[in-house]
1. Quantify, in whole percent, the carbon and sulfur part of the accessible surface of the stretch 421-523 (1.4 Å probe; protein heavy atoms only).
2. On a full-extension model of 0.36 nm per residue, what is the gain between ASP220 and HIS233, subtracting their alpha-carbon distance, rounded to one decimal in nm?
3. How big is the gap, in Å, between the Cα center of the stretch 281-297 and the Cα center of the stretch 36-69?
4. What Cys residues in the chain are without a partner cysteine, judged by a Cβ distance under 4.7 Å?
5. Hey, any idea what the orientation-averaged projected area of the convex hull of the stretch 494-543's Cα atoms comes to, in nm²?
6. Once the piece of chain linking THR287 and SER384 is laid out straight, how much longer is it, given 0.36 nm per residue of separation minus the C-alpha distance between them?
7. Considering only C-alpha atoms, what is the centroid distance from the stretch 356-408 to the stretch 245-264, in Å?
8. Let's test this: bin the Cα-Cα distances of the chain at 20 Å from zero up to the farthest pair and state each bin's percent.
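The values are calculated or read from the model by the stated rules, or taken from the named source; none is laboratory data. Note that the coordinates shown come from a computational prediction; the quantities given were computed from them, not determined experimentally. With ideal geometry, Cβ positions are generated from the backbone for all residues, glycine too; neighbour counts draw on all protein chains shown. Heavy atoms of the whole protein, side chains included, go into the accessibility calculation; ligands, DNA and RNA do not. Shrake-Rupley method; radii C 1.70, N 1.55, O 1.52, S 1.80 Å.
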Amino acid sequence: MRRIASLLTVFVTIAAGAVAMVTSPTPALAIENGLARTPPMGFNNWNFTHCTGTFNEATIKAVTDAFVAKGLRDAGYTYVNLDDCWALPQRDSQGDLVPDPVRFPSGIRALADYVHARGMKFGIYTSAGTKTCNTAGFPGGLGHERQDATLFASWGVDYLKYDNCNNQGVDAVQRYTAMRDALAATGRPIVFSICEWGQSTPKVWTWGAGTGNLWRTTGDISDNWSSMISRVHTNDDLAQYAGPGHWNDPDMLEVGNGGMTDTEYRTHFSLWAMLSAPLLVGSDVRTASTATLAILGNTDLIAVDQDPLGQQARIVSSSGGLVTYRKPLSNGDLAVALLNETGSTATVSTTTAAIGASGGASLKDLWSKQVRTTTGTISASVPSHGTVVYRVTPTGAGAPPAGTSQLSDRTMLSATNGWGPVEVDHSVNSQTAGDGRTLTIGGTTFAKGLGAHAPSSVTYHLGGRCSAFTADVGVDDEVTAGRVVFQVWLDGVKVADSGYVTGSQGTRHLTADLTGATTLLLAVTDGGDGINSDHADWANPRITCAGAAAAPASPPAAPR
């Protein structure tokens, strides 16, 4: 039976009606090295070469060239990453790793330069153990963290995948923290990919954000439906741990390797995008079919994956193998995926109210590209093992009035919240709609505002007629903990950020220039330390807007 967010389900509401949530253990603070602000995209050779003789310098160069020639680099695929078997089985007399001269006769630095010269970035692999995972026994990084990190930096490495084999029973947090610190000490920006497989206690997603930019949540994926969908099931429960700079990683893409149908590969790609997962191609794009390239090059779905708000999708409903996901986007839209896991075609349905949108909406099918409108129902006939993804643009709110007005008096386009509904003119308090208290921050009470709980997003229609936004923000006094970040987004661009705010800091004042903006999104993130007690108040959130444009004057009457 499918697990539906045993750690977290999101509460979505506009006026009333919701689903519940249970909080979870507190993870470490986010690493905040400025990297991987959206999920990494690129290539890893393992799924199609493994450790065979085809894994070599010529193959990697040809694949890099294919990413450029076929438009994948320009679609956002950035990293060209080597996996296991690039080194000799023994370190040299200085203790350094040595590239295999048969596989890589020009050396790793020359290969990195080749990749960089084509506008892409270069990644490499080792393991947080005495040896890597391949049975040939290539040397791992345990006890050599500083030396290996320094060597990688000297080669121009931009990304490190750090595996978990032969770890000698050393604590996972200790092993991965040592490499994190070693990479930081080089001074070179290197994305740190923790490949721990979700086996440690505590689980990697509870400490990964403080250690790496992404972390594998499962063992290796295989090129079949059951393996792929099981990784989705695991990541369904982990949305609260993901965000800009720190992502859940359900493993590489199998799209194009031949073990699934094109319908299943479209589902694979769709769900990775909804889950804000890294998009690392694991097939040989040199020989990719037209269908494979169409999947990998779906720029609408890439935009969903790469949306800078960075909120991973959550389940809205799941019954009998028919599943609906919802993901807020930075411009106020919502991505909605309708998944059919059953063995026959089925209608999968939800509503705008269920996904947190107000009234009607425009729906764009991100595979067929067809656009239609709805007054409430969102549904599709979905083939077996298929997924339909809509980009939903809510249209249910009118233009704001002239003058300065309180946002809590305006109709929301959409609202999502991590605990209970977004409350109007009250704190979030508990899960039940309408149970909030007077908004109180640092002992000061506020009659007007919004009570939210991370992760949260609330959107409003501006219609290009507004000029200014102001609010006082802070953690509500109804909790003694909490650490959040308040953000203001306009049409998908972040224009204001509070920085970390805790319950002991009182209010912070946020302002934003709204000139020309169509949609305003107010977001609250968890500050990188989990979602416990993140009761976040937008006190006195106000917008200043102009009146509606005057109708053009009637032309003078023609002379008789």
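1. Working: 1730 of 3640 Å².
Percent of accessible area from carbon and sulfur atoms in the stretch 421-523: 48.
2. Working: separation 13, 0.36 × 13 = 4.68 nm, distance 1.45 nm.
Going from the current span to full extension adds 3.2 nm.
3. 12
4. CYS195
5. On the way: hull surface 16.6 nm².
Mean shadow area of the hull around the Cα atoms is 4.1 nm².
6. Details: separation 97, 0.36 × 97 = 34.92 nm, distance 2.72 nm.
That pair, THR287 and SER384, stretches by 32.2 nm at full extension.
7. Distance between centres, Cα-based: 27 Å.
8. 22, 51, 24, 3, 0, 0
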